[in-house]
Amino acid sequence: MILDSIENAARYLHLGIGIANALHYIQNNDLTKIKPGRYEIDSDRLVMLVQQFESTNTDECRLEGHRKYIDLQYWISGSELMGHDVLKSQPVLEVYNEKTDCVYYNCISSFNRLLPGMFVIYYPTDLHTGIADPLSQEIVRKVVFKIRVEA
């Protein structure tokens, strides 16, 4: 997992073309003007999901993981507490769904507060979840880039 501010994006450009392209997209586009939805930036290699929602508290012991994609999440407005754990041998709650590239695990996580202008990168070895930030009532608007893992 990598967590930082978009002002420091240059530190991470060497991590792969998909991550570099997602960070450049954030820096070079007005994300406040893009309607919620799914956008293919580079076929299925780089997909952008623009999300807007009221954050809620969910089961903090239910974390998701992915196999085919890296998640790069960027907060435009609002904030969330993002839970994280490293994939080890946690019990599976829901088996892997190839269509959604998602599997759910039962585990305890450490939380970080993500604010506008911040991003986080979750690799397939990173389990994660988001819950409501008790210090904010603002609607969350964020972009999730799905970056296909290079073989």
Counted neighbours (other Cβ, 10 Å), sorted fewest up, put C107, C102 in the order C102, C107
Per-residue HN-Hα couplings for the range 119-136 [Karplus 6.51, -1.76, 1.60; θ = phi - 60°; Hz; x = Gly/Pro]:
9, 9, 10, 10, 8, x, 8, 10, 8, 7, 7, x, 9, 5, 8, x, 8, 9
Residue order, fewest to most surrounding Cβ atoms within 10 angstrom, among F53, F119:
F53, F119
Rg to Rh, two decimals, where the range 69-121 supplies the alpha carbon set and Rh follows Kirkwood:
1.02
Lysines near K88 by alpha-carbon distance under 29 Å, same-chain residues fewer than 8 away left out - which ones?
K68, K99, K142, K146
Please list log₁₀ I(q)/I(0) at q = 0.11, 0.16, 0.19 Å⁻¹ for the chain, using the Debye equation with identical point scatterers on the alpha-carbon positions.
-0.40, -0.88, -1.27
What nm value, rounded to one decimal, do you get for the distance between R11 and E138 when each label is placed 7 Å out toward the C-beta?
2.2
With the 8 Å Cα cutoff and a minimum separation of six or more residues, the chain has a relative contact order in percent of 36
Among Y69, Y12, Y96, what is the fewest-to-most ranking by other Cβ atoms within 10 Å?
Y96, Y12, Y69
For a quick check of your reading of the filter: which GluC sites (Glu not before Pro) in the range 70-122 sit in a DSSP loop and have no more than 16 other Cβ atoms within 10 Å?
E98
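Just so you know, all these numbers are worked out from the coordinates, no wet-lab data involved. Worth saying up front: this structure is predicted, and the values here are computed from it rather than measured. All Cβ positions, glycine included, derive from the backbone under ideal geometry; neighbour counts span all protein chains shown.
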